[in-house]
Ligand SMILES: NC(=O)c1ccc[n+]([C@@H]2O[C@H](COP(=O)([O-])OP(=O)(O)OC[C@H]3O[C@@H](n4cnc5c(N)ncnc54)[C@H](O)[C@@H]3O)[C@@H](O)[C@H]2O)c1
């Protein structure tokens, strides 16, 4: 794990001053409360002890909450992970990760063994054990496209119910612009802030699933937004030991940095996908175009991979929320709206190209990839699933799914329930040797590394027609053609 955890310790003067204040005391996880009056809510700023550690409760033990809880424990803090899902809590306390993320389970074992982290489903324990409470519950899109804040509201209400002293509530979840101010108002309604002051700090997360540990230990930046400088400093100090650069600002700026970042990255993907549609017509190799563009540091090569579009738990919902907000404020975000439209139609464009090779109705199609991206089991807004739904609608005889994280049909999270007829036409391949038997087409939707070394040679003879559509431009087209496959990628150019 060397190199993942990082070594720098960039800290500010405020942190050093607080250190001197706590010097000489031997209370590793202890903290005191600096007198009231430090901020708008009376000030719940923590006096740190010399060894730079605190008790912190992370509310929500999903992809972000568990990763962040483990990173904070690794940095030396005493961490409680709280989740309303008792079975998840039990599994975590047994050292079992309830989802897939490289490196995380090993770190969980280490920190459970060291007694640095424990998980609970008890709200009172969660709230009363720590002065710092970090919220990392889900904020999915509601049916109308707005962010659904029911989990966030229930987390706040749990804090309000069991509050026993001053707290700093850190919002790690991605929340719509204006939410941190609303959280403050909700606490003001539910809690006597003169007795138990509550500070709220926005601290959005930027990790990517599949490389969550790397991203958390080597953050590109740490955004801390708030209205009480002491609480903001406290949150910055939590991360002392990480090689990061801090940017502090007000609530709305912090919230918007998160949404605008995801909106920009989504637009970058849609941009290259739209250019790919043209590249396809003129015979340019979109991979080469992206490489050449990415050599310009003003552009960078990230998020310039053409394919079947973006998915996952963040980009679609964050773009939708930003567009909703703009609509409510009568502001036109036409570029973002267009980026969404391109993404929404990218699979149609791809399926049309498949249909142009051979009509899919009545055929058997093997789909490689159910997770929304490689190295995760997360299926939220997965392009692979959207593609399968599209194929079923087109009347394919059988959709056969293959993914390292899926063993049965009922493990696939469809965007809406499948009708009986469609459900019957879905199978999950578990025997890799026989996965391509009798199929008329193979479609790659997720670039799992292991897909490079599938038995392509054997599959070429087992398939009814050896045709492969590579929705991620991931496979070695030249090698596959050499094995007898007809290969179609996304604008891979004339030279291939
Ligand atoms: N997943 C990512 O890659 C990613 C990256 C950056 C930011 N985010 C943001 O982080 C937040 C969390 O995302 P996630 O992917 O970890 O979600 P998740 O669905 O994996 O986890 C959320 C967890 O919160 C728990 N929960 C719900 N209500 C609760 C409550 N009242 N008290 C305690 N626990 C509760 C759920 O049981 C679940 O385990 C979201 O706002 C998301 O937009 C996610």
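The values are calculated or read from the model by the stated rules, or taken from the named source; none is laboratory data. What you see is a predicted model, and the numbers here were worked out from it, not measured in a lab. Reconstructed Cβ throughout: ideal geometry from the backbone, glycine too, with neighbour counts over all protein chains shown.
Brief remarks follow.
- Residue check: residue 172 meets all listed conditions (1) under 24 Å from the mean Cα position of the chain (by Cα); (2) farther than 23 Å from residue 208 by Cβ; (3) at pLDDT 95 or above; (4) surrounded by 15 or more Cβ atoms within 10 Å (Cβ to Cβ) but one, namely (2).
- Flag if residue 193 is within 16 Å of the ligand (Cβ to nearest atom), in a loop (DSSP other than H, G, I, E, B) and out of contact with any strand residue (DSSP E or B) (no Cβ under 8 Å at 6 or more places or on another chain): no
- Taking segment 324-337 as the range and being away from the ligand (no atom under 16 Å from the Cβ) and not in a loop (DSSP other than H, G, I, E, B) as the test, the residues that pass are 326, 327, 328, 334, 335, 336, 337.
- Hits in segment 41-65 - residues which are at pLDDT below 60 and either within 13 Å of residue 118 (Cα to Cα) or touching a helix residue (DSSP H, G or I) at 6+ places or on another chain (Cβ under 8 Å) (or both): 41, 43, 44, 45, 47, 49, 50
- The residue that is farthest from residue 337 (Cα to Cα), counting only those in segment 160-187 that are touching a residue at least 40 places away in the same chain (Cβ under 8 Å) and part of a helix (DSSP H, G or I), is 187.
Every residue, every condition in (1) within 17 Å of residue 348 (Cα to Cα); (2) surrounded by fewer than 17 Cβ atoms within 10 Å (Cβ to Cβ), yes or no:
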position	(1), (2)
378	no, no
388	yes, no
398	no, no
435	no, no
445	yes, no
486	no, yes
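- Scope segment 267-314; condition within 16 Å of the ligand (Cβ to nearest atom) and free of Cβ contacts under 8 Å to residues at least 60 places away in the same chain; matching residues: 302, 303
- Enumeration of residues in segment 250-260 that are without any contact (Cβ under 8 Å) to a residue 60 or more places away in the chain and buried (at least 17 other Cβ atoms within 10 Å of the Cβ): 257
- Top-ranked residue of segment 371-408 - restricted to ones that are closer than 25 Å to residue 342 by Cβ, under 22 Å from the mean Cα position of the chain (by Cα) and not in a loop (DSSP other than H, G, I, E, B), ranked as farthest from the ligand (Cβ to nearest atom): 387
- Residues being surrounded by fewer than 21 Cβ atoms within 10 Å (Cβ to Cβ) and touching a helix residue (DSSP H, G or I) at 6+ places or on another chain (Cβ under 7 Å) - total across segment 363-376: 1
- Considering segment 65-78, the residues that are more than 13 Å from the ligand (Cβ to nearest atom) and without any contact (Cβ under 8 Å) to a residue 60 or more places away in the chain include one that is surrounded by the most Cβ atoms within 10 Å (Cβ to Cβ), namely 73.
- Number of residues in segment 88-113 that are over 24 Å from residue 54 (Cβ atoms), part of a helix (DSSP H, G or I) and within 10 Å of the ligand (Cβ to nearest atom) equals 1.
- Close contacts from segment 134-148, counting a first residue that is closer than 13 Å to residue 69 by Cβ and a second that is more than 8 Å from the ligand (Cβ to nearest atom) and in a loop (DSSP other than H, G, I, E, B), with Cβ to Cβ under 8 Å and a gap of 6+ residues or different chains, come to 134/203.
- The single residue among 154, 130 that is away from the ligand (no atom under 12 Å from the Cβ), out of contact with any helix residue (DSSP H, G or I) (no Cβ under 9 Å at 6 or more places or on another chain) and touching a residue at least 60 places away in the same chain (Cβ under 8 Å) turns out to be 130.
- Filter result (away from the ligand (no atom under 12 Å from the Cβ) and surrounded by fewer than 21 Cβ atoms within 10 Å (Cβ to Cβ)) within segment 199-222: 214, 218, 220, 221, 222
- Residue satisfying condition, being near the ligand (Cβ under 8 Å from one of its atoms) and buried (at least 24 other Cβ atoms within 10 Å of the Cβ), within set 138, 81, 60, 123: 60
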